[in-house]
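Please read the structure below before turning to the comments.
The values are calculated or read from the model by the stated rules, or taken from the named source; none is laboratory data. Everything numeric here is computed off the predicted structure, so don't read it as measured data. Neighbour counts are summed over all protein chains in view; Cβ atoms, including those assigned to glycine, are modelled from backbone coordinates with ideal geometry.
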Amino acid sequence: MQTELSIEFFPPQTPEGAAKLQAERARLAELKPTFFSVTYGAGGSTQARTFATVKEIAAEGHQAAPHLSCIGSTKAGMRDILAYFKAEGIRRIVALRGDLPSGMADPGELRYANELVEFIRAETGDWFHLEVAAYPEWHPQARSPRDDLQNFARKVQAGADSAITQYFYNADAYFHFVDEARALGVEIPIVPGIMPIGSFSKLARFSDACGADIPRWMRKKFESYGDDADSIRAFGLDVVTELCQRLLAGGAPGLHFYSMNQAGLTTEIWRRLQG
Ligand code: FAD
C-alpha cells in the first residue's frame, strides 16, 4: 500500500525524555514517514526544545517539520525564526495560530493562521511547504461551521500547500469536511490526523478541551473496561485501524499520526494497514 505517512512528536522536557524519543523515533523511522513534525508550545514556550528536536531529526537524515504558532508574537520575531529555519535547511512548517497562554492578553501582530501563512509567503516565497490545521468537527471557538470552513479556505488562499486535521473518530465528519472544502474550491490535500488510543481517561479529558468527539458507543465501551489496560489497548487498536482503513478507502491522501512520542501504537496500526 502506498500511503503518505507523517508522524508528530512533542519536544521532550528532560535529557531522559530526549534519549527515549530518539529510540522511539528510530523505530518509527522504519515506517519510512515523509516527515516528522514537532509541536511548538503556546506563545513560544517550547521554542528552544522544539528547535533542538527538529535539529536532531534533520541531523538523522529525516525531513523535519517544526510547528510554528503566531499568536502573541511579533513580525520581527517570526522573521528571525524563519531565517533560522532557512539556515538550518528546514523546508516544511506546520503554520498555526496557537492559543494565547493564560495571563497573556496581547494577541500580537499575527492574530490568525491565515495571517501567518500570508506573512511566511511574503517573507520567504516558496521556500517552505506550508501545512495548516483543519477541523472536521469544527474548531471549538468557531462562530459557526460555515465560518470555520471559510476561515480554513482563507489559509489555503493565503498559500497553504496541505492540511492536517485535528483528530476525530467519526470518518463521516472528515468526508463531509473534505466535500465542503472542495465545494469552496479548496484543492489541497487534507490529511487526517490520527490519535492512537493507549489510555482512555487521558484521551477523554484532552478531547473535551480540543473539541474532538468520542462517539458514545466507543466511550461506553472504553469505560466498561475500567482499569483493564490490555482491553483498552486492544479495542483502541481495532477502532483506530478500522478508522484508518475507512479513511484511506474513501480517498484520504495519507495519515498523520499524533504519536505522543511512543512508537508502539502507531507502528502496530501501520503494520495492520499493510496487511
Ligand atoms: P486558525 O486557523 O487561525 O483558527 C482559529 C479560530 O479562529 C477558528 O475558530 C477559526 O474559525 C477562527 N478564524 C480563523 N481565521 C480567522 C480570521 N481571519 N478572522 C476571524 N476568525 C478567524 N497548538 C499548539 O500550541 N502547538 C502546536 O504545535 C499545535 N499543533 C497543531 C497541529 C495540528 C495538526 C492541529 C490540528 C492543531 C495544532 N495545535 C497546536 C492546536 C491549535 O494551535 C489550536 O487548535 C488553535 O486554537 C487554533 O490554531 P489554528 O492554526 O487552527 O487557528
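Just wondering, is there one or more residues in the range 26-40 that are in contact with a helix residue (DSSP H, G or I) (Cβ under 7 Å, 6 or more places away or on another chain), at negative phi, away from the ligand (no atom under 15 Å from the Cβ) and part of a helix (DSSP H, G or I)?
Yes: one or more hits.
Of the conditions (1) part of a loop (DSSP other than H, G, I, E, B); (2) within 14 Å of the ligand (Cβ to nearest atom); (3) over 16 Å from Ser37 (Cα atoms); (4) touching a residue at least 12 places away in the same chain (Cβ under 8 Å), Trp127 clears all except one; give me its number.
(2)
Which residues, taken from the range 174-215, are of a type in the set (Gly, Ala, Ser), assigned to a helix (DSSP H, G or I), more than 11 Å from the ligand (Cβ to nearest atom) and within 22 Å of Ser259 (Cα to Cα)?
Hits for the range 174-215 are Ser201, Ala204, Ser207.
Is the range 155-168 home to any residue that is surrounded by fewer than 20 Cβ atoms within 10 Å (Cβ to Cβ), at pLDDT 95 or above and over 19 Å from the mean Cα position of the chain (by Cα)?
Among the residues of the range 155-168, at least one is surrounded by fewer than 20 Cβ atoms within 10 Å (Cβ to Cβ), at pLDDT 95 or above and over 19 Å from the mean Cα position of the chain (by Cα), which makes the answer yes.
Is it true that Arg27 is within 23 Å of Val191 (Cβ to Cβ) and within 18 Å of the chain's Cα centre (by Cα)?
Values: within 23 Å of Val191 (Cβ to Cβ): yes; within 18 Å of the chain's Cα centre (by Cα): no.
For Arg27, the condition - within 23 Å of Val191 (Cβ to Cβ) and within 18 Å of the chain's Cα centre (by Cα) - is not met.
Restricting attention to the range 234-259, report how many residues are under 22 Å from the mean Cα position of the chain (by Cα) and assigned to a helix (DSSP H, G or I). Write out each step before concluding.
From the range 234-259, those under 22 Å from the mean Cα position of the chain (by Cα) are 236-259; that's our starting set.
Imposing the further condition that a residue be assigned to a helix (DSSP H, G or I) reduces the set to 236-249.
So the answer is 14.
Do we have Gly251 as modelled with pLDDT under 95, surrounded by fewer than 19 Cβ atoms within 10 Å (Cβ to Cβ) and under 24 Å from Ile190 (Cα atoms) here?
no
For every residue, the table says whether it meets (1) aromatic (Phe, Trp, Tyr); (2) closer than 19 Å to Ile7 by Cβ; (3) in contact (Cβ under 8 Å) with a residue 60 or more places away in the chain.
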| residue | (1), (2), (3) |
| --- | --- |
| Ala212 | no, yes, yes |
| Asp227 | no, no, no |
| Ser231 | no, no, no |
| Ala234 | no, no, no |
| Glu242 | no, no, no |
| Leu248 | no, yes, yes |
| Ser259 | no, yes, yes |
| Trp270 | yes, yes, yes |
| Gln274 | no, yes, yes |
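Take the residues of the range 96-114 that are near the ligand (Cβ under 7 Å from one of its atoms) and of a type in the set (A, V, I, L, M): which is surrounded by the most Cβ atoms within 10 Å (Cβ to Cβ)?
Ala113
Which one of these does Val117 not meet: (1) over 20 Å from Gly211 (Cβ atoms); (2) more than 10 Å from the ligand (Cβ to nearest atom); (3) assigned to a helix (DSSP H, G or I); (4) under 17 Å from the mean Cα position of the chain (by Cα)?
(2)
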